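Here's the structure we're looking at; comments come further down.
Each value in this text was obtained by applying a stated rule to the coordinates, not by laboratory testing. Given the structure is predicted, the values throughout are model-derived calculations rather than measurements. Cβ placement follows ideal geometry from the backbone for every residue including glycine, while neighbour counts extend to all protein chains displayed.
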Amino acid sequence: MLINKIEDVRTQVNDWKKQGLKVGLVPTMGALHEGHLSLIKKAKETCDKIVVSVFVNPIQFGPSEDFDKYPRTLEADTKLCDSEGVDIVFAPTPKEMYGEGVRLSNDTLTYVCPPFFYVNKLCGKSRVGHFDGVCTVVMKLFNIVQPDYAFFGQKDAQQVIVIKKMVKDLNIPVEVIQCPIVREESGLALSSRNKYLTEQGKIEALVLSKILNNIKSCYNKGITDVSALKETVYSILSDKHELEYIEILNRDTLEEEKKANNDSIALIACRVEGVRLIDNLYLGE
Ligand code: PAF
């Protein structure tokens, strides 16, 4: 069932809650792929009723980012959700979510801003304000849908950590479930932005998973010095790749460590054909 209005989704969810049913929310920006389907499958295992939100959230894109060209495939997304047994596809317009101003600033909208420590690194460093936009929309979706569980992919590792922090700090009654990264057979992590890549670009994009796997195999061989592990990337990169960051941090807190350990996560952001791609890998698994 496709719903565009906040009031309608609330009415339906209230009805389920009265029946004692557990509700799961899978927040997405659409252009659904196997990665999203894995979240939906996990939600179906855990919950009685599933809401998938499809909303390209204007306030999490910077002025020079890809908001306008971000893939919008609502018809195909809705069909896919129907075939997966999703109960509601909630696809509000920006006006329904934010009123008249579409690209609202935090001067004109009450924002949820995660702590600087969590966002002054990795994606938050180049995408200033991005996580304010993410937390604000996720908080709104939590308030609208009032799910018991919400499902997010590990590919956006920083996003999940920031959302878990928000849930804990603001006592939001929802359990956040993180689901593993889904990869193509080649190793490329699935992402809606892969759609921007040419076939050659997809091959070049394998550099992200190659770098992460290389770091992990060096770690498995006993190299734990973070600087030494990070140095290994330069033998793999070519002029086709614009590295934005490679970091090895604590997987739960994003704290820096001198020595990698089984609680470390390696994270990378790199542009290929101008497309910004991210990936990550736990070293201890
Ligand atoms: O990961 C995404 O697709 C988005 O950041 C989210 C969580 C749906 C918020 O807009």
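The alpha-carbon positions of the range 171-280 define a convex hull whose volume is 129 Å³ per residue.
Between Thr46, Val89, Pro71, the Cα set farthest toward the positive side of the dipole of the range 45-93 (charges on each charged residue's Cβ, about the Cα centre) is that of Pro71. Using only the Cα atoms of the chain, construct the convex hull and provide its projected area averaged over every direction, in square nanometres to one decimal. Mean projected area of the Cα convex hull: 15.0 nm².
The C-alpha atoms of the chain define a longest principal axis, and helix 74-83 lies at about 80 degrees to it.
Partner lysines whose Cα lies under 21 Å from the Cα of Lys69, excluding those fewer than 8 positions away in the same chain, are identified as Lys95, Lys195, Lys202. Taking the C-alpha atoms only, the angle from helix 206-220 to the longest principal axis of the chain is near 60 degrees. Each residue of the range 14-29 is assigned a 3J(HN,Hα), and the resulting list reads 4, 4, 4, 5, 4, 8, x, 7, 8, 10, x, 10, 10, x, 9, 10 Hz, derived from the Karplus form 6.51 cos²θ - 1.76 cosθ + 1.60 (θ = phi - 60°), x at Gly and Pro. Only lysines eight or more places from Lys259 in sequence, or on another chain, were considered; those with a Cα closer than 29 Å are Lys121, Lys125, Lys155, Lys164, Lys165, Lys168, Lys210, Lys216, Lys221, Lys230. Applied to the range 280-285, the Karplus parametrisation 6.51 cos²θ - 1.76 cosθ + 1.60 on θ = phi - 60° returns per-residue 3J(HN,Hα) values of 7, 8, 6, 7, x, 10 Hz, with x for Gly and Pro. For Leu277, the amide hydrogen comes within under 5 Å of the amide hydrogens of Cys270, Arg271, Val272, counting only partners 5 or more places away or on other chains and with H modelled in the peptide plane. Estimated at 0.36 nm per residue, the fully extended path between Tyr245 and Asp169 surpasses their Cα-Cα distance by 24.6 nm.
Projected onto its three principal axes, the C-alpha set of the range 122-177 covers 32, 19, 18 Å, listed from the longest axis down.
Of the peptides 154-166, 18-30, 241-253, the ranking by mean beta-carbon count within 10 Å, highest at the top, reads 154-166, 18-30, 241-253. With contacts taken as Cα pairs under 8 Å and at least 6 residues apart, the chain reaches a relative contact order of 17 percent. A dipole drawn for the range 131-285 from +1 and -1 charges on Cβ atoms has a positive end, and of Cys270, Ser192, Val160 the residue lying farthest that way is Ser192.
Once backbone amide H atoms are built at 1.01 Å from N, Gly30 has Phe55 as its partners under 5 Å, excluding neighbours fewer than 5 places away on the same chain. What does the charge count around Lys240 come to, taking other residues whose C-beta lies under 15 Å from its C-beta (Lys +1, Arg +1, Asp -1, Glu -1)? Counting the neighbours of Lys240, the net charge comes to -2. Taking the C-alpha atoms only, the angle from helix 34-46 to the longest principal axis of the chain is near 60 degrees.
Let me make sure I get this right: for the range 57-162, a, b and c are the square roots of the gyration tensor eigenvalues over alpha carbons, sorted descending. Under 1.5 in a/c it's rounded, otherwise prolate if a/b > b/c, else oblate. Which is it? Note, shape of the range 57-162 comes out prolate. In the chain, the calculated helix contribution to ellipticity at 222 nm averages -11000 deg cm²/dmol per residue, counting -39,500 (n - 2.57) for every DSSP H run with n ≥ 4. Applying Stokes-Einstein at 37 °C and 0.692 mPa s to the Kirkwood radius of the range 1-96, computed over alpha-carbon pairs, gives a translational diffusion coefficient of 235 µm² s⁻¹. Which of rounded, prolate, oblate describes the range 96-227, given a ≥ b ≥ c as roots of the alpha-carbon gyration tensor eigenvalues and a/c under 1.5 marking rounded, otherwise prolate only if a/b is larger than b/c? It comes out prolate by the Cα gyration axes. The protection proxy used here, the mean number of other Cβ atoms lying within 10 Å of each residue, ranks peptides 269-276, 60-67 as follows, highest first: 269-276, 60-67.
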